[in-house]
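**Q** So that we are looking at the same thing, I have put the structure below in structure tokens.
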Amino acid sequence: MGYLSPPSTQSNMKSISPTKDENGELCYASWLGKHPSALDNFEEVMSIAEEKEIVVFLDYDGTLSPIVDDPDKAYMSDAMRAAVREVAYCFPTAIVSGRCKDKVYEFVKLRNVYYAGSHGMDISTPLGSSKCEDQKHQIKAFDEKGNDVVHFHPAKEFLPTIQEIIKVLKENTARIEGSMIEDNMFCVTVHYRRVKNDEDVGVLREMVESIMKAYPSFHISRGRKVMEIRPNVNWDKGRALRYLLESLRFDNFNNVLPMYLGDDRTDEDAFKVIRHIGRGFPIIVSSVAKETEASYSLRDPTDVLTFLIRLAKWKKNLLQKTN
């Protein structure tokens, strides 16, 4: 049951609950008792993985890159890119982001990883999934090198309406200084990190909510100073994780250990799926205590970089032992 906790803490997990400080906030030190550091417990975390197939899933913003005021400048470091490249040489690796898939690729620029954009509503893999119920949303095609590829787009029919929503939002929010409407293909992100006036933030939220009442086939979810507008399809990052496992033929859950690193609310869907599978490593990236389905934690992208470097090194050492 690797998804629950390191072996040394599993027996007393039920007695541990995060306490709150004088402001009512969850205490980070207490929170770590329930969501221990994946770095500090690395050897214990990996002790159950030697004879299993690890598949790595990574969020982008806040995980591989720092959260920045301008979302168009959320660059990952060269060191992080090198670490992800090495991990992808050792394990099947996918980046699952709320961003448009092509935009994430422009940031990452690695060809040895798989990409799932728009919260998993835009996925391309060589084989697709034979178990997927939405076969009509799987389209066979060829990539730029002439190789077979299957595009999975469960929200394709919403594309015209999404473009209409973007147009309406841009026209109405133009007067809110610092706001930004981001086209992520199958979803729309309203950014307000650069809106300096709290009153303007409230006006922006009310404006977006009012506009979206005319589009009942969509819903709004909140993230880290963003509002995410998504079509009402039964799809999220958790289902994207399952789809990718099936596409990569790693759907034998008795032998696979999915590892998912993410920092935001939308990543919780993937954490829940790993818990449902009953094995794997859901890892929250956060420097503050928060409610989460994750079992382990890392503080920030710097911790993520260190963890990924150790993960690739662990695999290489394991291969040397077995050869």
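The values are calculated or read from the model by the stated rules, or taken from the named source; none is laboratory data. Treat the numbers as computed from the prediction; the structure is a model and nothing was measured. Cβ atoms come from the backbone with ideal geometry, glycine included; neighbour counts cover every protein chain shown.
**Q** Has the stretch 19-31 got any residue that is more than 30 Å from ARG230 (Cα to Cα), of a type in the set (A, V, I, L, M), at pLDDT 85 or above and not in a strand (DSSP E or B)?
**A** Within the stretch 19-31, one or more residues are more than 30 Å from ARG230 (Cα to Cα), of a type in the set (A, V, I, L, M), at pLDDT 85 or above and not in a strand (DSSP E or B).
Per-residue answers, yes or no, for (1) exposed (fewer than 15 other Cβ atoms within 10 Å of the Cβ); (2) under 18 Å from the mean Cα position of the chain (by Cα); (3) in a helix (DSSP H, G or I):
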residue: ILE283; (1), (2), (3): no, yes, no
residue: SER297; (1), (2), (3): no, yes, no
residue: LEU305; (1), (2), (3): no, yes, yes
residue: ILE309; (1), (2), (3): no, no, yes
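**Q** If I ask for residues that are under 15 Å from PHE307 (Cβ atoms), among the aromatic types (Phe, Trp, Tyr) and not in a helix (DSSP H, G or I), which ones from the stretch 32-81 would you list?
**A** PHE57
**Q** Among the listed residues LYS316, LYS237, which satisfies the condition of being in contact (Cβ under 8 Å) with a residue 60 or more places away in the chain and buried (at least 18 other Cβ atoms within 10 Å of the Cβ)?
**A** It is LYS237.
**Q** Have a look at LYS313, LYS237 and point out the one that is basic (Lys, Arg) and either at positive phi or in contact with a Gly (Cβ under 6 Å, 6 or more places away or on another chain) (or both).
**A** That would be LYS237, the only listed residue that is basic (Lys, Arg) and either at positive phi or in contact with a Gly (Cβ under 6 Å, 6 or more places away or on another chain) (or both).
**Q** I've got another one for you. Within the stretch 203-221, which residues are surrounded by 12 or more Cβ atoms within 10 Å (Cβ to Cβ), more than 25 Å from PHE152 (Cβ to Cβ) and of a type outside the set (Val, Ile, Thr)?
**A** LEU204, ARG205, MET207, MET212 - these are the residues of the stretch 203-221 that are surrounded by 12 or more Cβ atoms within 10 Å (Cβ to Cβ), more than 25 Å from PHE152 (Cβ to Cβ) and of a type outside the set (Val, Ile, Thr).
**Q** On to the next question. I'd like the residue in the stretch 82-134 that is charged (D, E, K, R), in contact with an Asp or Glu (Cβ under 8 Å, 6 or more places away or on another chain) and in a loop (DSSP other than H, G, I, E, B) and, out of all such residues, is surrounded by the most Cβ atoms within 10 Å (Cβ to Cβ).
**A** ARG99
**Q** In addition: Might you check whether a residue that is β-branched (Val, Ile, Thr), within 19 Å of GLY98 (Cβ to Cβ) and within 24 Å of the chain's Cα centre (by Cα) occurs anywhere in the stretch 250-265?
**A** no
**Q** Could I ask something else about it? What is the residue count in the stretch 182-239 for residues that are more than 26 Å from the chain's Cα centre (by Cα) and under 20 Å from ARG265 (Cα atoms)?
**A** 0
**Q** I'd like to verify a number: residues in the stretch 267-281 that are part of a helix (DSSP H, G or I), surrounded by fewer than 24 Cβ atoms within 10 Å (Cβ to Cβ) and in contact (Cβ under 8 Å) with a residue 40 or more places away in the chain, how many?
**A** So in the stretch 267-281, the residues part of a helix (DSSP H, G or I) come out as 267-277.
Restricting the remaining residues to those that are surrounded by fewer than 24 Cβ atoms within 10 Å (Cβ to Cβ) gives 268-269, 272-273, 275-277.
From the residues that got through so far, the ones that are in contact (Cβ under 8 Å) with a residue 40 or more places away in the chain too are 275, 277.
Of the residues in the stretch 267-281, 2 are part of a helix (DSSP H, G or I), surrounded by fewer than 24 Cβ atoms within 10 Å (Cβ to Cβ) and in contact (Cβ under 8 Å) with a residue 40 or more places away in the chain.
Each row is one residue, and each column tells you yes or no for (1) under 17 Å from PRO216 (Cα atoms); (2) surrounded by 14 or more Cβ atoms within 10 Å (Cβ to Cβ).
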site: VAL149; (1), (2): no, yes
site: HIS153; (1), (2): no, yes
site: LEU159; (1), (2): yes, no
site: GLY178; (1), (2): no, yes
site: ILE181; (1), (2): no, yes
site: VAL188; (1), (2): yes, yes
site: TYR192; (1), (2): no, yes
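**Q** Sticking with this one: Specify which of the listed residues (PRO231, PRO216) is at pLDDT 95 or above and either among the polar types (S, T, N, Q) or closer than 22 Å to ASP59 by Cβ (or both).
**A** Result of the check over PRO231, PRO216: PRO231.
**Q** Confirm whether SER295 is small (Gly, Ala, Ser) and free of Cβ contacts under 8 Å to residues at least 24 places away in the same chain. Even if it seems obvious, please write down each step before you answer.
**A** On the way: small (Gly, Ala, Ser): yes; free of Cβ contacts under 8 Å to residues at least 24 places away in the same chain: no.
Considered against the rule, which asks whether it is small (Gly, Ala, Ser) and free of Cβ contacts under 8 Å to residues at least 24 places away in the same chain, SER295 comes out as no.
**Q** Okay, moving on. So, in the stretch 37-50, of the ones that are touching a residue at least 40 places away in the same chain (Cβ under 8 Å) and out of contact with any Gly (no Cβ under 8 Å at 6 or more places or on another chain), which residue ends up surrounded by the most Cβ atoms within 10 Å (Cβ to Cβ)? Steps first, answer last, please.
**A** Initially, the stretch 37-50 is screened for residues touching a residue at least 40 places away in the same chain (Cβ under 8 Å), giving 37-39, 41-42, 45-50.
Subset that is out of contact with any Gly (no Cβ under 8 Å at 6 or more places or on another chain): 37-39, 41-42, 46-47, 50.
On the way: SER37: 17, ALA38: 28, LEU39: 17, ASN41: 18, PHE42: 17, MET46: 20, SER47: 12, GLU50: 11.
By that ranking, first place goes to ALA38.
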